[in-house]
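Just so it is clear, none of the values below were taken in a lab; they were calculated from the coordinates. The shown structure was predicted, so the numbers you read here are calculated from the model rather than taken from an experiment. Quick reminder, even Gly has a Cβ in these numbers, built from the backbone with ideal geometry, and neighbours come from all protein chains shown.
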Ligand SMILES: Nc1ncnc2c1ncn2[C@@H]1O[C@H](COP(=O)(O)OP(=O)(O)O)[C@@H](O)[C@H]1O
Ligand SMILES: [Mg+2]
């Protein structure tokens, strides 16, 4: 469903992505790992359509369409969801405030009728249970005064509501204690179907005990330098990122 | 050669016309009380001295109101134009609310459109011209005592020529349950109009009232409102004052609201400007006793070539009072906002808390804002702060909402509504708040 070929991107004249290749099929879970600053969030942002990043080379095909040709809202309506590493605070706007509009925009795009207030609330209740999130959090200004864990849980809650085809979770595990991690992973797993796919960005193997990936890729200095199955994550955990850095640097010399 | 001396020969035609009008009025209106005549005479003298603010006037430097009036109004336009039967008035008036409705059309009270619901024991509402006759004691005690004709020419002009407006007296210990909605409607269907209403609201000890002054336009020609309101907030009284401006694009407005607060009173003001040609609001608040609390909120949400200039002044004269001010602006198209916030903390006003904030969003490159805080503090044990920000819509917030499927316009509208809600939520008259929210939502949907 997603084919990334030779993707290059830069921000403010700094090259960050330097030729990414990735192929994701429905039903798959891909983990992207790598040290800080290697370009994981940049990749996630480019896929979601952030304009600060300029794609200088390469292509991204999503469900047969040119993804790079769509604006962020069109991508969301086509089923792409980004759980942000650092979700922004929006004073005066609560999750419930925008989620109904969001959901109904997506439904409209899919040719479905808008949800009425009752069905919307019912769906909210269901998904709130799934990620064990409190109603009060959803009526507060988005992320204002939220703890790290609350922010991440809110992202997963939104994902559960919007039922994306391709979810990109950017370091959703960081800042979560083990209970929260389990809840978030459980939510993600319950939403998995043979139709949708997930890209899990993380730099710890920990999350992958709960969300078991089909493939693991190591991103370093803007390139995927190693791909494998979930054993690669264990090996990384054992040998550390220096091992990757050394092999990668050796290869470029 | 010496510099040109501003003399009578260099007066603008409009100033001369206003002075002549005032002069004639002094000579012909002998029916009112000697006190009111005296107030008018003094104001006339002040007006002659001050003249209307010219281009060099610091207080009006962003708002060239005199020039605009001179350009758009001829001497024959400035006499009152009566239009009792203006069409389309009823739809301007808030419905579905138990309220005292008072309607002025081109400065003249319209009995036909007005309706009083509160019992007279709770609140006395009359026209000012009636009060000049029937409440001479209160008039002599309060009328013209707060509106400063010595420094502001438009106050002087209004004081010199104003004949009518609303008089409100809330006796001691009364909570007026129904709000008072006063509509000032400019009807320019037949001709250009100039109206100069004048209001006096006296709220006695331990009483409470909600007041709304709402400005609207019928017709396409130029109209001008020069209004003055004096509000006396006595001990432990609570006054919620609202000024709403939804005027036509060829209307001009100079408004002066002068408030005096005495001990332990609470005054809230919400000023919302949605449309008009050129609007200048002066809100002057004198806190003349201890333990007072005051809040001033403003929202100006402008498009096209509207100019809205809010000048506020808070004068802390006594200790232990609190004032808080939040003005927010959203400027679209070629609109222009001006904010000037003066805060004085006098030597006796120790332990004053005074806060001021002005936040602006510019939606286009052609929109602009001039903002200036002006704090003058003579007391040493005080907490005062001010801040002003001007920016665009936050790109991160916009991106976030777009990744959830909202298009740019929806996301922008949502963010702007949230921005405005800080001010609008302070309107406690729910139907009024809802009407404004609706107007603003429609504007956001249309323009972006
Ligand atoms: N908006 C930006 N402006 C400038 N540099 C940026 C910006 N965003 C990311 N970078 C840089 O791009 C590199 C990759 O960052 P990022 O994608 O966040 O890495 P990761 O998510 O793998 O930790 C870093 O060197 C970072 O400093
Ligand atoms: Mg990152």
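Numerical summary
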{"read-out": "Point-to-point label distance, residue B:392-residue A:189, nm (Cα→Cβ direction, 7 Å offset)", "value": "4.5 nm"}
{"read-out": "Alpha-carbon centroids, segment B:347-401 and segment B:20-40: separation in whole Å", "value": "43 Å"}
{"read-out": "Convex hull of Cα atoms in the protein assembly as shown, direction-averaged projection (nm²)", "value": "39.0 nm²"}
{"read-out": "Helix axis angle, A:95-109 relative to chain A longest principal axis, alpha carbon, degrees", "value": "80 degrees"}
{"read-out": "Between 0 and 90°, nearest 10: helix A:117-130 axis offset from chain A longest Cα axis", "value": "50 degrees"}
{"read-out": "Cα-Cα pairs of segment A:1-143 separated by more than 17 Å (percent)", "value": "69 percent"}
{"read-out": "Residue order, fewest to most beta carbons within 10 Å, for A:84, B:184, B:25, B:132", "value": "B:25, B:132, A:84, B:184"}
{"read-out": "Cα extents of segment B:395-448 along the three principal axes, largest first (Å)", "value": "36, 21, 14"}
{"read-out": "Rounded to whole Å, sorted largest first: equivalent-ellipsoid semi-axes of segment B:310-448, Cα gyration tensor", "value": "34, 16, 14"}
{"read-out": "Least to most buried among B:301, A:70, A:161 (fewest other Cβ within 10 Å first)", "value": "A:70, A:161, B:301"}
{"read-out": "Separation of alpha-carbon centers, segment B:240-286 and segment A:223-253, rounded to whole Å", "value": "67 Å"}
{"read-out": "Sorted by Cβ density within 10 Å, fewest first, the residues A:50, B:141, B:198", "value": "B:141, A:50, B:198"}
{"read-out": "Debye-sum result for segment B:165-296 in log10 I(q)/I(0), which assumes one identical scatterer on each alpha carbon, at q = 0.11, 0.21 Å⁻¹", "value": "-0.40, -1.13"}
{"read-out": "Helix A:178-191 axis, angle to chain A major axis (alpha carbon atoms, nearest 10°)", "value": "80 degrees"}
{"read-out": "Quarter of the Cα convex hull surface for chain A, i.e. its orientation-mean projected area (nm²)", "value": "13.6 nm²"}
{"read-out": "Length-normalised contact order for chain A - Cα pairs under 8 Å, 6+ apart - percent", "value": "27 percent"}
{"read-out": "Kirkwood hydrodynamic radius of chain B, from inverse mean 1/r over distinct Cα pairs, in Å", "value": "22.4 Å"}
{"read-out": "MRE, 222 nm, helices only [DSSP H, n ≥ 4, -39500 (n - 2.57), over the protein assembly as shown, to nearest 500]", "value": "-9000 deg cm²/dmol"}
{"read-out": "Between segment A:1-60 and segment A:96-147, the Cα center-to-center distance that results, in Å", "value": "29 Å"}
{"read-out": "For chain B: relative contact order, % (alpha-carbon pairs under 8 angstrom, 6 or more apart)", "value": "10 percent"}
